[in-house]
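Here's the structure, in structure tokens; my notes come after.
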Amino acid sequence: MLVRRKHSLDATKCFNKNLSLHGRAAGAASGGTLSLAIVADLLALFLPLAFSSPLVTPTLAQSLQQQDSQASSPTPNPDTSTEDNPLEQTCNISGVPSLQLTKVVGSWVKAANWVEKPGMSMGRLIQKFGPQMMAYLNSSPWPDINHQARLARVPVIMYHDILPQKEVFFDITPEEFEQHLRLIHDNGLTPISLDQLVTHLRTGLPLPEKPILLTFDDGYESAYKYVYPLLKQYGYPAAFSIYTLNVGNNTGRDHVTWDQLREMTANPLVTISAHSVTHPQDVTVLSDDKLRMEVTESKRIIESKLGIPIRYFTYPEGKYDARVEKFVQEAGYLAALTMNDLEDRFAGQSKNLLAIDRIGQSKLQDAIAEAWGGPKLPSWSGGFDFATPIKVTKVTIDKNRLIVVSGGRPITIHANSRYQVPQIIAGTNAVAAVDGGFFSLHYLNSNEMIGPVFSQNENKFIPGLKYENMRSTGRPLVLISLQAVRFIPFDPTKHNTLEGIQAEMPNVTDAFIAAAWLVKDSQPQPASHFGNLVDFKIARNRAFWGINQEGQPMIGVTLNSVDAISLGASLAKAGLRDAVMVDSGASSSLAYKGKSLMAHLVGYELRPVPHVVALVAPPSANDSAQIAPHPGGGSGTCSFGRD
Ligand SMILES: [Zn+2]
């Protein structure tokens, strides 16, 4: 424990120092030194307590340094006096553990206030790294897995021995193993360490686009002879589960020696997990004393032999129960690996950190095809970017085929009757549009909407009818201005007048009521949030629009039928921070440059509509819109996870 604590504090110190340099720059720019002081304070107190792993904490510091080097904030002047900078003091006192502990409760109160008001006068730097810190502050209570991490698909692959001549089915040859590494490389996967995985599972911080974790059980000599050299050659991290009794023991199969393990663990690519002392077939049937010995002694022996902290346990044969978990927790492990022959689950689908699931190496190919590092971080600033060129993207996420148009600035158009969407935008400056809010079906050619509507082409606020307003209570009221978009719950007592919506957004230019939230604050919405919405569980074509993590507007439709819940999950993965459903079924329609993008793809005539959400090109941009059928990873403006 002492070792860990020291490492963490060092990391925090270095982290504070990093912050303090920028305290001057950002503080000078915005007058936000108070906020910065709180941030630094908070980190100094929080990180060592939350993350006892010496490797985990520096990860954040490193990543912040990287972000920092990308930021264009003014270079701090090294001659500036430290006296006017409260952050230097924080840095200097951060080596006093008792002070940190006593101050932590008070700082939580500060943290809570601060986190709720991110819009205060923070410097640009804070906006830049805010999401990372938010993720740390919001890390799930141990041993729970963070809800963001549950969306990711991280395969943890389990290997045993590697032998030139296979003896049992789960052995593989060195040639086969190298083929696996080539497959991982050629498919663009990024092997991660067990520390990275556990940080991700606790905080939801996204991993590389296609992550994978390699693990090797039982400490065979092949770990040193074949695996370790190849890991070094490829630069891939991995975890090795060692049971202590057979280290250096060559009766039966050959095993690694302590010397070999020392050599391996000197390399940061290698993580060791304790795998018991004697490798019992089933630890759940052991007596308390025997079980405690297997769990705690293996940790103690490996730590003393290798001189490193052991933070992870691997259940022999994957077997565990509540009692075993409790012993593992009491022994001070941060997480535990299991395995299940019947079900292949990604790490995020594991029960919790004390039972991280793995997948047998024979399933590597399937796992590679599925691997995904999870949704991008929610945007901290909540800012908007209405100045990027408009572009069309087709993407398939979780079997949902989507066409989305992103970029430009959003407007709405309320037509005088019902038309096909391309007709509505013909002759306007809109480049693309999706059918908008719900409309009344009472009269065939009526442009009557359900709920209030305010569109800049009419510049006239049309209140909704009382009965329909009541039924729309709580649905997303969409408010658009030249600079921003808000989605707020519709309240008919407040939002059925122009003054009422101006109270929510003073320079509002457009407003209407959408059907339902699909994604809210980067979270896909569960079934319980859809209320009385008709047919939300039924698979239909659906139209949606929202704001992505970069603050750009996106409009789109599904080309296949999909229920609203799984559409929300796909849109969160597509990088939408907020998205609402505007319509579903036969009137779902998306137009781009005068043409329907779906009419020829669905087998029916689309229903004419009176209202659209449209995108107009940014004023200065040339019309650089283009069809991009395969976004892959290269686009940069569209943060899709998968094609
Ligand atoms: Zn084993």
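Screening Glu175 against (1) free of Cβ contacts under 8 Å to residues at least 60 places away in the same chain; (2) outside any helix (DSSP H, G or I) leaves a single unmet condition, (2). Evaluation of Asp535 against the conditions (1) at negative phi; (2) surrounded by fewer than 23 Cβ atoms within 10 Å (Cβ to Cβ) shows that the sole unmet condition is (1). The residues of segment 158-171 that are part of a strand (DSSP E or B) and either more than 15 Å from the ligand (Cβ to nearest atom) or touching a Pro at 6+ places or on another chain (Cβ under 9 Å) (or both) amount to a single one, Ile162.
For segment 425-481, give me the residue count where each residue is among the aromatic types (Phe, Trp, Tyr) and over 14 Å from Asp510 (Cα atoms). Number satisfying all stated conditions: 4.
Asp254 meets the conditions (1) within 16 Å of the ligand (Cβ to nearest atom); (2) surrounded by fewer than 17 Cβ atoms within 10 Å (Cβ to Cβ); (3) of a type outside the set (Gly, Ala, Ser) in every case but one. The failed one is (2).
Of everything in segment 541-553, what is farther than 17 Å from Gln523 by Cβ and modelled with pLDDT of 90 or more? Give them in sequence order. Result: Arg542, Ala543, Trp545, Gln552, Pro553. In segment 228-243, of all residues being among the aliphatic types (A, V, I, L, M) and within 15 Å of the ligand (Cβ to nearest atom), the one that is nearest to Leu213 (Cα to Cα) corresponds to Ala239. Among the residues making up segment 516-540, those that are modelled with pLDDT of 90 or more and within 23 Å of Ser440 (Cβ to Cβ) are Ala516, Trp517. Could we say that Gly307 is within 19 Å of Asn352 (Cβ to Cβ) and modelled with pLDDT of 95 or more here? Answer is no for this residue. Of all residues in segment 449-490, those that are in contact (Cβ under 8 Å) with a residue 40 or more places away in the chain, under 18 Å from Leu533 (Cα atoms) and either under 34 Å from the mean Cα position of the chain (by Cα) or not in a loop (DSSP other than H, G, I, E, B) (or both) total 8. When you scan segment 192-205, do you find a residue that is of a type in the set (Val, Ile, Thr), surrounded by 15 or more Cβ atoms within 10 Å (Cβ to Cβ), within 16 Å of the ligand (Cβ to nearest atom) and under 32 Å from the mean Cα position of the chain (by Cα), even just one? No, because not a single residue in segment 192-205 is of a type in the set (Val, Ile, Thr), surrounded by 15 or more Cβ atoms within 10 Å (Cβ to Cβ), within 16 Å of the ligand (Cβ to nearest atom) and under 32 Å from the mean Cα position of the chain (by Cα). Within segment 538-558, if we keep just the residues that are hydrophobic (A, V, I, L, M, F, W, C) and under 15 Å from Pro410 (Cα atoms), the residue that is nearest to the chain's Cα centre (by Cα) turns out to be Ile547.
Scanning segment 257-292 for residues that are hydroxyl-bearing (Ser, Thr, Tyr) and either free of Cβ contacts under 8 Å to residues at least 24 places away in the same chain or more than 13 Å from the ligand (Cβ to nearest atom) (or both) returns Thr257, Thr265, Thr271, Thr284, Ser287.
Scanning segment 241-293 for residues that are among the aliphatic types (A, V, I, L, M) and either farther than 17 Å from Gly318 by Cα or outside the structural domain of Tyr228 (by TED's automatic domain parsing) (or both) yields Leu245, Val247, Val256, Leu261, Met264, Ala266, Leu269, Val270, Met293.
Tallying residues that are within 16 Å of the ligand (Cβ to nearest atom) and crowded, with 19+ Cβ neighbours inside 10 Å within segment 311-320 yields 6.
The values are calculated or read from the model by the stated rules, or taken from the named source; none is laboratory data. Computed from a predicted model, the values in this text were never measured in an experiment. Every residue, glycine as well, gets a Cβ built from its backbone with ideal geometry; the counts of neighbours run over all protein chains shown.
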